[in-house]
Amino acid sequence: YETVISQIKVACSLKGYKFICFVSGYRNKDSKLYYECPNHGVRLIRCSDLLGGSSCSMCAKYGYKENQSGWFYVYEWSDGSNSFIKFGVTNRNLKSRIREQAKHTNFTNTLIYCRKFENGKIPKMIEDEVKSSGVELNVISKLQFPDGFTETTCISNLNKILKIVEKYSKEVSV
């Protein structure tokens, strides 16, 4: 335990962070902890992510930024014999994001739903709720869909996803 605490303090120090505490004590590498980022205040991270080199997501030059406007989107992807739903968030131009995903796969896409939110926290809240709603995720392999496979689910979960979206917006259109 002391070795882990020491490693965490060193990792935080190297990044200019201050270790605060574990959320529910240290159990294993997946334990979550609080640290203080000098730019963004108290943040949450998994122990393994911090020790693996991850940094404050708000400081990162890549990835989704909750402090900027953002999109929540739902697409159907198909290769003729297999179809699945891909949902996600982006701050970037939505068409550029989807083109980027399409470059790395043989699947073609059809837009089901998209909406831009000025409050960038809302798309992330929708995505997090979908992920924790019990829908099966990762229904396609990383080999078949390398960019975003973790936010894939079965077509049969579409209505469940749209009901979650509806909680955050009265403007759902299918």
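The values are calculated or read from the model by the stated rules, or taken from the named source; none is laboratory data. Just so you know, these numbers come straight off a predicted model, no measurement behind them. Reconstructed Cβ throughout: ideal geometry from the backbone, glycine too, with neighbour counts over all protein chains shown. Remember, those area values only see protein heavy atoms, side chains included, never the ligands or the DNA or RNA. Shrake-Rupley method; radii C 1.70, N 1.55, O 1.52, S 1.80 Å.
Here is how the numbers come out for the structure above:
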quantity	calculated
Selected residue [among the aromatic types (F, W, Y), at negative phi and open to solvent by 40 Å² or more (accessible area, probe 1.4 Å)] from Y62, Y113, Y35, Y75	Y62
Where K121 falls short, out of the listed (1) out of contact with any strand residue (DSSP E or B) (no Cβ under 6 Å at 6 or more places or on another chain); (2) without any contact (Cβ under 8 Å) to a residue 40 or more places away in the chain; (3) under 22 Å from V135 (Cβ atoms)	(2)
Single residue of region 3-32 satisfying the filter (assigned to a helix (DSSP H, G or I) and among the basic types (K, R)) that is surrounded by the fewest Cβ atoms within 10 Å (Cβ to Cβ)	K9
Restricting region 57-83 to residues that are out of contact with any Phe, Trp or Tyr (no Cβ under 6 Å at 6 or more places or on another chain) and among the hydrophobic types (A, V, I, L, M, F, W, C), the residue that is farthest from L137 (Cα to Cα)	C59
Test for K160: is it open to solvent by 50 Å² or more (accessible area, probe 1.4 Å) and at pLDDT 95 or above	yes
Tally, over region 141-173, of residues that are part of a loop (DSSP other than H, G, I, E, B) and more than 24 Å from N91 (Cβ to Cβ)	4
Region 79-134: number of residues that are of a type in the set (S, T, Y) and outside any strand (DSSP E or B)	5
Close pairs (7 angstrom Cβ cut-off, 6 or more residues apart or separate chains): more than 12 Å from S48 (Cα to Cα) in region 7-35, open to solvent by 40 Å² or more (accessible area, probe 1.4 Å) and in a helix (DSSP H, G or I) anywhere	F19/K9
